[in-house]
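The values are calculated or read from the model by the stated rules, or taken from the named source; none is laboratory data. Since the model is a prediction, treat every value here as computed from it, not as a measurement. Quick reminder, even Gly has a Cβ in these numbers, built from the backbone with ideal geometry, and neighbours come from all protein chains shown.
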Amino acid sequence: MSPLAHRIGAARAEGRAALVGYLPVGYPDVNTSIAAMTAMVEGGADVVEIGVPYSDPGMDGPVIQQAVEPAVRAGVGLRDVLRAVEAVAAAGAVPAVMSYWNPIERYGVERFAADLAAAGGAGAITPDLIPDEAGEWLAASEEHGLDRVFLVAPSSTDARLASTTAACRGFVYAASTMGVTGTRATVSDAAERLVVRTRAVAGDLPVCVGLGVSDGDQAAEVAAFADGVIVGTAYVRRMLDGTGADGVRALSEELAAGVRRRAGVPS
Amino acid sequence: MTTSAVHPPEERLEPARPTWPDATGHFGVFGGRFVPEALIAALDELTEAYEAMRVDPAFLAEFAALQRDYTGRPSPVTEVPRFAEHCGGARVLLKREDLNHTGSHKINNVLGQALLTKRIGKQRVIAETGAGQHGVATATAAALMGLSCTVYMGEEDTRRQALNVARMRLLGAEVIPVTTGSRTLKDAINEAFRDWVTNVETTNYVFGTVAGPHPFPAMVRDFQRVIGDEARGQVLEREGRLPDAVLACVGGGSNAIGIFTAFVPDDGVRLVGLEAGGDGVGTGRHAATITGGAPGVLHGARSYLLQDDNGQTIESHSISAGLDYPGVGPEHSYLHDIGRAEYRPVTDAEAMEAFALLCRTEGIIPAIESAHALAGAMRLGQELVAQGDGGRGGEPPLLLVNLSGRGDKDVETASRWFGLGDREHVEPGAGMDTDQQPTDGAVTSGDAVRGQDAGSQA
């Protein structure tokens, strides 16, 4: 059974959406970022997306870029990420690595899969890898029983929604808006349309929504139509603000309440 | 690779389109699409429109008319005998892309992509630029065709290429200095992709080189191959034979692919790409991607790139903004791996010596990018003559060099390098060291010419 699908299914059984939080490893340093991930779990995150710092994060907005740049310069790499994976698993959440493709390719795809599985990681989310180019990763993740999460977007055709979800295991990441990561005042209604279209072809695969969610109200809004709510930039901002682990824990508590509330449902 | 041994090369006047990439944009293991899913629909739309357009007689006629009447094609081939005296006895022909409207080969590609933008019904174009030549070309085409235009340019490059920033603004384009990362071309491309993924419904990305996700490498090649198609015919006509080697500078690699493509089936013609060696490949401060890099994924395609053990892109260094890029087009990686083309580094000092030589011996101020190809010709000519081969029947070796752009934009950088003006108040420009060292394997007499003296020795 896929660890991600299992955890998201457990949330669904509780009548709520899962909370998926993102933080990159290495900001402001490796140990502090891992402590913040632990706090994220203590506050109520079900899944932690553990970000691999990358020099050219083409899908990320200015907030995440700002946190990742110093980590890249400090030489933070997959060995540090694997430590974070172990820490998140120990804290009781499901760890998934979020990485642009080149760091994984450079590390070695097969070696990455083996080491990630050994560290207790559930799998990986790959924002710039489409299934069409993922032959080696599909094979390695299959061999090591890892989940693999690809993205769908509002611009995806129905045919691509079908082929991409067929290649996913764990969940499918619905990028709610056309654009880069960052908080937005409102969650685009394109998100709900995309979830409906994706569900139509995804079978039992959970659909989680990311890009733009930053507070409990938005989390509740998305939880009304998605299986999981993905929050990244808002967490990173807590780290940049210097509120650190306490700020991250507080945000998790707010978001965890949000995914239990659901928009329009009295809490 | 394909061969065409049935007929002598001279009879093959219209070279064929290469059999690569495959339908999904792969040149062997290189190329492909490594982009967020959100861009796939736009790339599919672009691919489909381009595939229809490139065989559409109406488009081809419109494109040819623009190239003739607006760009000024065909560009001439010029023999440079006084410069060639420094090339060991080889003869040197220059393909004069510097004489194109806007001053470089970049206009060839941009006119094609601007026509494509109109065809798919988009009103806005974005572009990245390093030296500013592609940005100027895109701003020019946008003005010509009534499109709105935004150009992303690394802040560092806006300083060293201030003239081109002013040109773009005069042409009505918005120029956005990019302040992330190394503040050069690589980061400008990241920002342009972020703009594109956000505004893809209204906006087309006019990519400037043969890199990026499919279909850009193949499409830009097809728009640039006119350089080699013309040059091959011109050399055959004036010499009755093909050149022994074709040389071009390689940053992303569009001018090199442009002149190489027609010659790829001509097995007897060496194809030589000159990469920016910066302070020297051994110093780590360079942009010689194939010479000093390893295969990986950057900016949407698999190709050689400069990267560290963690897969992070290493910042490149070159005196030439247009070559200061840590990646390279996937077709070059492929041509390298199958052994059809060879890639060599040229240091800043070697390039600037060749730059000064061409100015003083031929009255042509080249772009510093193109000066790397000239330096490559100096070295290759000496090698060929020393080895006693390259020529035919006792003739000297014949080298065809793509002079991809003119040096107006580089006057300030060159003046600083050579210490023209007030020597007491010279500050080294970006990519230059205050104590420039002679370079291993330097050209001509065996000594690289120190910056401030290069002009006088040439």
Kindly indicate which of A:246, A:227 is crowded, with 20+ Cβ neighbours inside 10 Å and in contact (Cβ under 8 Å) with a residue 12 or more places away in the chain.
-> A:227
Please specify each residue of region A:115-160 satisfying the condition of being among the hydrophobic types (A, V, I, L, M, F, W, C) and in contact (Cβ under 8 Å) with a residue 40 or more places away in the chain.
-> A:122, A:125, A:149, A:152, A:153
Filter region B:194-215 down to residues that are of a type outside the set (Lys, Arg) and free of Cβ contacts under 8 Å to residues at least 12 places away in the same chain and give me whichever is surrounded by the fewest Cβ atoms within 10 Å (Cβ to Cβ).
-> B:201
Given A:226, A:250, A:219, A:234, which one is part of a helix (DSSP H, G or I), of a type in the set (Gly, Ala, Ser) and over 25 Å from residue A:29 (Cβ atoms)?
-> A:219
Enumerated strands (runs of 3 or more DSSP E) restricted to region B:283-360, each holding at least 1 residues that are within 14 Å of chain A (Cβ to nearest Cβ) | B:294-298, B:301-305
Can you spot a residue in region A:127-138 that is at pLDDT 95 or above and away from every other protein chain (no Cβ under 14 Å)?
-> yes
In region B:110-151, how many residues are more than 18 Å from the chain's Cα centre (by Cα), crowded, with 24+ Cβ neighbours inside 10 Å and over 21 Å from residue B:53 (Cα atoms)?
-> 4
Within region A:72-112, the residues that are in contact (Cβ under 8 Å) with a residue 24 or more places away in the chain, more than 16 Å from residue A:7 (Cβ to Cβ) and of a type in the set (Gly, Ala, Ser) are A:74, A:77, A:84, A:87, A:99
For residue B:40, work out the one condition from (1) part of a loop (DSSP other than H, G, I, E, B); (2) without any contact (Cβ under 8 Å) to a residue 60 or more places away in the chain; (3) within 13 Å of chain A (Cβ to nearest Cβ) it doesn't fulfil.
-> (1)
Matching option when the condition is surrounded by fewer than 22 Cβ atoms within 10 Å (Cβ to Cβ), at pLDDT 95 or above and under 19 Å from residue B:105 (Cα atoms), among B:163, B:171 = B:171
In region A:139-160, anything assigned to a helix (DSSP H, G or I) and within 11 Å of chain B (Cβ to nearest Cβ) is listed as A:159, A:160
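Conditions (1) assigned to a helix (DSSP H, G or I); (2) over 22 Å from residue B:296 (Cα atoms), marked per residue:
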residue: B:183; (1), (2): no, no
residue: B:195; (1), (2): yes, yes
residue: B:204; (1), (2): no, yes
residue: B:223; (1), (2): yes, yes
residue: B:237; (1), (2): yes, yes
residue: B:248; (1), (2): no, yes
residue: B:252; (1), (2): no, no
Do any helices (runs of 4 or more DSSP H) lying entirely in region B:112-181 carry at least 2 residues that are of a type outside the set (D, E, K, R) and away from every other protein chain (no Cβ under 14 Å), and which ones are they?
-> B:133-145, B:162-170
